[in-house]
Amino acid sequence: RRAAARRDRDLAAGPAKLMQVLALDRRANASSVVDGSGPATLTPPAEPVPAAAMAAGPRVGVTSAHDVPWRFWLAGDPTVSAYRRHTARVR
């Protein structure tokens with residue numbers, strides 16, 4: 001059973017919750033969200049987002065490429081997941 005978002009601002013806080021909000025499941029994996037061939041299509045905003053409003057940082061909750069800034073968000077957006085530094089598991 002998956003945890004449901006408790007507040008509106010939590011609806012897109014992380015990829016799994018975003019997939020739930022968009023009603024997408026694993027069948028959407030490896031599909032395009034740009035060219036219209038996948039189950040969801042992203043469209044650009046009517047006005048470009050100023051570069052100063054965009055932020056990037058390390059990925060959260062992953063073991064590979066955790067230090068690569070492949071995580072993007074709008075600065076100050078309350079729906080962004082909190083960053084937790086990666087710690088290697090002890091085996």
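The values are calculated or read from the model by the stated rules, or taken from the named source; none is laboratory data. Remember, predicted model here, so these are calculated numbers, not experimental data. Quick reminder, even Gly has a Cβ in these numbers, built from the backbone with ideal geometry, and neighbours come from all protein chains shown.
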Return yes when residue 33 is over 17 Å from the mean Cα position of the chain (by Cα) and either under 16 Å from residue 73 (Cβ atoms) or hydrophobic (A, V, I, L, M, F, W, C) (or both) and no when it is not. no
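In segment 66-80, how many are small (Gly, Ala, Ser) and at pLDDT below 75?
The total comes to 0.
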